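Notes follow once the structure below has been shown.
Bear in mind these aren't lab numbers, they're just calculated from the coordinates by the rules spelled out. Values in this document were obtained by computation on a predicted structure and should not be read as measured data. Here the Cβ positions follow ideal geometry from the backbone for every residue, glycine too, while neighbour counts run over all protein chains shown.
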Amino acid sequence: MSADTLRYASIMLLAGIGIPILAALNAQLGARIGGPVAASVVLFAVAFSACVIVLLFSGQAQAFAAMSAQPKHLFMAGLFVAFYVLSVTWVAPRFGVGNAVFCVLLGQMIAATMIDHFGLFGAVVRTVSLTRGIGLAAMVAGLALIQRG
């Protein structure tokens with residue numbers, strides 16, 4: 001395994017660890033203040049502030065100059081983030097963080113497989129072979145078993 005592969009896998013592992021933590025914290029904030037939408041707005045304000053700080057330190061602010069020339073559908077990613085945060089903040093206190101994140105992971109696995117298989121949105125094509133299909137099925141089964149226990 002290359003150093004880059006290990007580094008990228010580690011970063012994404014940490015991002016994955018963050019998803020249920022984000023869900024639990026924001027769901028709790030929304031429940032405590034009686035407003036999951038208000039809690040989501042606070043989450044985005046904090047996230048925006050953190051991104052601005054990283055942007056300033058990364059020296060990438062000049063990238064905004066090319067923003068207006070980009071295809072407008074690429075900006076829909078923000079709607080998906082908003083939908084995720086709003087939905088998990090509202091659903092998790094009612095359905096459980098584990099159940100909510102299980103469904104999110106299942107959706108991620110299905111969508112990621114389709115994106116890779118068809119090379120959607122400019123992704124590198126990785127067709128679903130029998131081996132990958134079995135691996136995906138095993139992951140889905142593993143997620144289901146985790147929820148049962």
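For the reader, a short list of remarks on this structure follows.
- Cα centroid of the range 91-149 to Cα centroid of the range 26-45, whole Å: 27 Å
- The modelled label-to-label distance for the pair Ile110/Ala69, using points 7 Å beyond Cα in the direction of Cβ, is 3.9 nm.
- Ordered by the number of other Cβ atoms lying within 10 Å of each residue's own Cβ, fewest first, Val42, Val81, Val91 fall into the sequence Val81, Val42, Val91.
- Relative contact order [Cα under 8 Å, 6+ residues apart], the chain, whole percent: 24 percent
- Adding -39500 (n - 2.57) for every DSSP H run of four residues or longer, then dividing by how many residues the chain holds, sets the calculated 222 nm ellipticity at -27000 deg cm²/dmol.
- Stretching the chain fully between Asn99 and Leu14 yields a gain of 28.6 nm (0.36 nm per residue, less the alpha carbon separation).
- Assuming charge only on the beta carbon of Lys and Arg (+1) and of Asp and Glu (-1), the dipole of the chain about its Cα centre is about 200 debye to the nearest 20.
- Separation in nanometres of the label points that stand 7 Å from Cα toward Cβ, at Thr131 and Phe48: 4.6 nm
- Added length on full extension, which subtracts the Cα-Cα distance from 0.36 nm per residue, Phe121 to Ser87: 9.8 nm
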